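The structure appears right after this line, and notes come after that.
The values are calculated or read from the model by the stated rules, or taken from the named source; none is laboratory data. Since this is a predicted model, take the numbers as computed values, not measurements. Every residue, glycine as well, gets a Cβ built from its backbone with ideal geometry; the counts of neighbours run over all protein chains shown.
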Amino acid sequence: MLTLSLFKTLWGHQGTLGEAIDDAIRAGFQGIEGQAPTQQKDQDSFKQQLNDSGLKYIAEITTAGTYVPDRQASPLEHLDTFKRSLDSSMRLEPLFITTLAGCDAWDEEQSVELFSQIMELAVSANIQVSFETHRSRSFFNPWTTARICRQLPDLNLTFDFSHWCVVCERLMDTEIDIIEELAPRALHIHARVGYDQGPQVPDPRHTRYSHELQRHQAWWKLLWLAMVKRGMTSLTMTPEFGPDGYQAIDVNTDKPVGDLWEMNQWMGHQQMQLFKSVKA
């Protein structure tokens, strides 16, 4: 049976893991996505809470830094951080790993070498790894992504189109040929709506951004269809509206515009309705 599971991101979550789990369950989400703790006692607690809740887990690994890499870090340093995080993540028995890897300033050959090594590590650990399309990383635009992927036929992608929209300063309908080429590599989707001047519209529920939402939904549906054609039956999506400069701020009150978790719940439920058209 074809299913879509929704995951709550820990990015931007201000409370405890237990509170995140409760939020996810109340919202009808099926799992949690985030980085594994580095300390074993915290890993044990994390795993126990997940097991008790019945929720699934997607591990996130960033190489040589957080979401933005250390500009001076070598490919070897990126690989070393992946190795360490892989060990921590595997203790939590994730469904798969999604990684932000590489650097936008690198030669493509450096990215190909690093990614092939990361894929080998994942095979050795008996876990799937998926590389996210993300600003500041190797997959910061569609053309570089396509060229690297052509050299690595087994590479999986976590698609976050919002990054490409702001990097390219336009919606990705102009690059639909590349999206169609890369769609068979889709393993996971980060559901955030970007626009030509930013990676995150202030509120996806507002009619002001209905066009951007509709275009992202069309691309997500294209990915779902490619996943089904690939033989996948258990699909995953993480609504990922977040903080750190992504969220709009009212300059008069210095308060965020909208509640991130409310937006992410809305996004998840909207895409679950859209998914029914794929199942039909």
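Do you know which residues across the stretch 127-141 are within 29 Å of TYR57 (Cβ to Cβ), of a type outside the set (Gly, Ala, Ser) and either surrounded by fewer than 16 Cβ atoms within 10 Å (Cβ to Cβ) or in contact with a helix residue (DSSP H, G or I) (Cβ under 7 Å, 6 or more places away or on another chain) (or both)? It would help to see each step written out before you state the result.
Going residue by residue through the stretch 127-141, those that are within 29 Å of TYR57 (Cβ to Cβ) are 127-140.
Then keep just the ones that are of a type outside the set (Gly, Ala, Ser); that gives 127-129, 131-135, 137, 139-140.
Correct list: ILE127, GLN128, VAL129, PHE131, THR133, HIS134, ARG135, PHE139, PHE140.
If you scan the stretch 126-156, which residues turn out to be more than 20 Å from GLU180 (Cα to Cα), of a type outside the set (D, E, K, R) and either in contact with a strand residue (DSSP E or B) (Cβ under 9 Å, 6 or more places away or on another chain) or assigned to a helix (DSSP H, G or I) (or both)?
ILE127, GLN128, VAL129, SER136
Look at the stretch 21-49 and say how many of its residues are assigned to a helix (DSSP H, G or I) and either of a type outside the set (A, V, I, L, M) or under 21 Å from THR99 (Cα atoms) (or both).
13
Can you find a residue in the stretch 201-208 that is surrounded by fewer than 16 Cβ atoms within 10 Å (Cβ to Cβ), of a type in the set (Asp, Glu) and either modelled with pLDDT of 95 or more or in contact with a helix residue (DSSP H, G or I) (Cβ under 9 Å, 6 or more places away or on another chain) (or both)?
no
Kindly evaluate ALA122 against the criterion of being part of a helix (DSSP H, G or I), of a type outside the set (Phe, Trp, Tyr) and under 17 Å from the mean Cα position of the chain (by Cα).
No.
Quick check: is even one residue across the stretch 70-80 touching a residue at least 24 places away in the same chain (Cβ under 8 Å), touching a Ser or Thr at 6+ places or on another chain (Cβ under 8 Å) and under 30 Å from GLN271 (Cα atoms)?
No, the stretch 70-80 contains no residue that is touching a residue at least 24 places away in the same chain (Cβ under 8 Å), touching a Ser or Thr at 6+ places or on another chain (Cβ under 8 Å) and under 30 Å from GLN271 (Cα atoms).
Specify the residue that is modelled with the lowest pLDDT; the eligible residues are those in the stretch 28-80 that are over 28 Å from SER5 (Cβ atoms) and in contact with a strand residue (DSSP E or B) (Cβ under 8 Å, 6 or more places away or on another chain).
For the stretch 28-80, the residue satisfying everything is PRO69.
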